[in-house]
Amino acid sequence: WRRVTRRIVAGAVCALTVSSLLMPSVSLAAEWVKVGGNKYNTAASDEAGTWSWDGADDLKLNNYNGGEIQASGKLNVNYSGTNIVTAEWIESINVSQGTNENAELNIQGDEGGTLSVTSTEDAILSTGNINIDGAGSVNATSTGFDAINAGGDLAIKGSGNVNATGASDGIRANGNITIDDSGAVTARATEDKGIGTDKNLTIKGGGTVEASSEKDAAVEAKGSLAATNASLNVNGVEYGVYAHKGITLDHANVTVRAGKGRYGGAIALFTYQDDIVVKNGSTVDALAEGEVSAAFSTRNDRPNEKGGHIYISDSVVKAIARYVENGDGPIPYSENQDGETRREPQGENIGIIAQTSEGVTPAVISIIRSKVTAEGDTAAIFARAMSADGKAIGTIKIENAAIQTPEGGKVIDYRKLRDGIYEAGQTIGTGDATIDSPYDAAVAKRTVTVPPEEIKPEEKPGETKPEGSKSEGTKTTKTVAVAAKGAKTVGKLAATGDASSAAIIATALVGTAAIVTGALASRKRS
């Protein structure tokens, strides 16, 4: 009997365990809600029917106009009509961690519905994730802190619009921010970032995102920024976009502006420890204005990190860096190869720059079958690597495109010894001599590269159209910019370390079946 009893108990335990594993997970209800300062532990509503809570997860708003909404655990806010939530010295909508469930705030509205939330504290806050969906519009305004603040991930999708204006951040998340298949998302900040995340920022699915800040970066992602099939328009101070772990623009329409910061610097698109990749028909317009400025900039000085590479393929790019007087910065000086000290004009303003230090894969700027217009009051394009022995050299690679401006332009070499460290790299310019200063007269301050299809047959470099001959159209040919005599021979593109680089390489070498097959296989493996 004891043996039978043990078998029955063991069987029951096994059955319960298996059934619990097979059952779908069930979300626990919000433990309580507060509406307009009144706390409810069971289902409740008002007589006018402007709000109702089902005692579980769902809170419905219909033309609500009142005070703050608080909850513990998970809360779904579904709104219709015109709704206004106003609070002072407390968050307007706040979902905090529950005893039995993590905080989660889900906001969804019907088409034509609006939810306007205003507070002197955070307007919309969750210590966990926030999801905003639906066809309605959400307007969040904080006069003292963040407009929308997620302690976890933040996701915005649906056809509705989201407008966030904060005295601190406009939109903020400790986790990832994903804007997918959305309407128009606008984030404005007075003191801090328009959009700020401690992880990755992903924009995709045809949405439009605008971000701005009056005193800081418009967008900062401590992870990566990826914009795919979407529009991004940003305007910031010191930085337009600062993504610590890489920027990828894939079939994206991007406009970036950066004004000079507190110390006179300005960079429109900047990543540190990773690469900038622009591909698949993207259109990018980047402008930076400061005493030291760059439209595109990537820098890396850590051997174990990626970075220092800029890849532009099958896209249209305009990158402009202008000098703006700061008034309190030092006068720049440099020492030439003869040991003479000379004053350098203004600051360093370069349209596109990639830079690495010793022990790191040398800087690379790659332009493939793209129209790129780069301007800088110092130089248009510059790639440089720093090392103690001078062996690391930054390179510029141009394939399936021709340098149209300046006339006779080519890739020329740069080499300089500064304080015991060699700077070696390449730039676009004229002449055959190796230069030792970005301010050399041979350096092009404006350069334009164009793909073969935009070059008329009679304008092709190195070709002469016979008199009386008929034009048969422009043939697509592979053209590689040749460096000045003595320049380092350029090989294959450096790997970026992700699938995007495989796509770029495959595109660059299209036409050779075996190589394409290999690239596709590589992509499949990735």
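Data overview
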item: Total residues in the stretch 118-131, condition hydrophobic (A, V, I, L, M, F, W, C) and farther than 14 Å from VAL95 by Cα; result: 0
item: Selection from the stretch 108-148 of residues that are among the aliphatic types (A, V, I, L, M) and surrounded by fewer than 19 Cβ atoms within 10 Å (Cβ to Cβ); result: ALA135
item: Residue list for the stretch 124-170, filter: more than 23 Å from the chain's Cα centre (by Cα) and farther than 21 Å from GLY67 by Cα; result: GLY128, GLY134, ALA135
item: Search result, residues across the stretch 218-270 that are within 18 Å of ILE177 (Cα to Cα) and hydroxyl-bearing (Ser, Thr, Tyr); result: SER224, THR228, SER231, TYR242, THR248
item: Candidates THR271, THR248 - the one that is open to solvent by 10 Å² or more (accessible area, probe 1.4 Å), β-branched (Val, Ile, Thr) and at pLDDT 95 or above; result: THR248
item: Residue count, the stretch 274-287 (criterion: open to solvent by less than 10 Å² (accessible area, probe 1.4 Å) and under 23 Å from GLY425 (Cα atoms)); result: 4
item: In the stretch 409-424, the residues that are more than 19 Å from ARG446 (Cβ to Cβ) and touching a residue at least 24 places away in the same chain (Cβ under 8 Å); result: ASP413, ARG415, LYS416, LEU417, ARG418, GLY420, ILE421, TYR422, GLU423, ALA424
item: In the stretch 149-191, the residues that are polar (S, T, N, Q), outside any loop (DSSP other than H, G, I, E, B) and more than 14 Å from ALA211 (Cα to Cα); result: ASN149, THR178, SER182
item: Boolean, GLY183 is under 19 Å from the mean Cα position of the chain (by Cα) and of a type outside the set (Asp, Glu); result: yes
item: Subset of the stretch 71-86 [outside any loop (DSSP other than H, G, I, E, B) and buried (at least 23 other Cβ atoms within 10 Å of the Cβ)]; result: ALA71, LYS74, LEU75, VAL77, TYR79, ASN83, VAL85
item: Residue that is most open to solvent (accessible area, probe 1.4 Å) [pool: residues in the stretch 217-240 that are under 14 Å from ALA189 (Cα atoms) and assigned to a strand (DSSP E or B)]; result: ASN235
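The values are calculated or read from the model by the stated rules, or taken from the named source; none is laboratory data. Quick caveat, the model's predicted, so the values are computed rather than measured. Note that each Cβ is placed from the backbone with ideal geometry, even for glycine, and that neighbours are counted across all protein chains shown. Areas reflect the complete protein model, heavy atoms only, side chains present, ligands, DNA and RNA absent. Shrake-Rupley method; radii C 1.70, N 1.55, O 1.52, S 1.80 Å.
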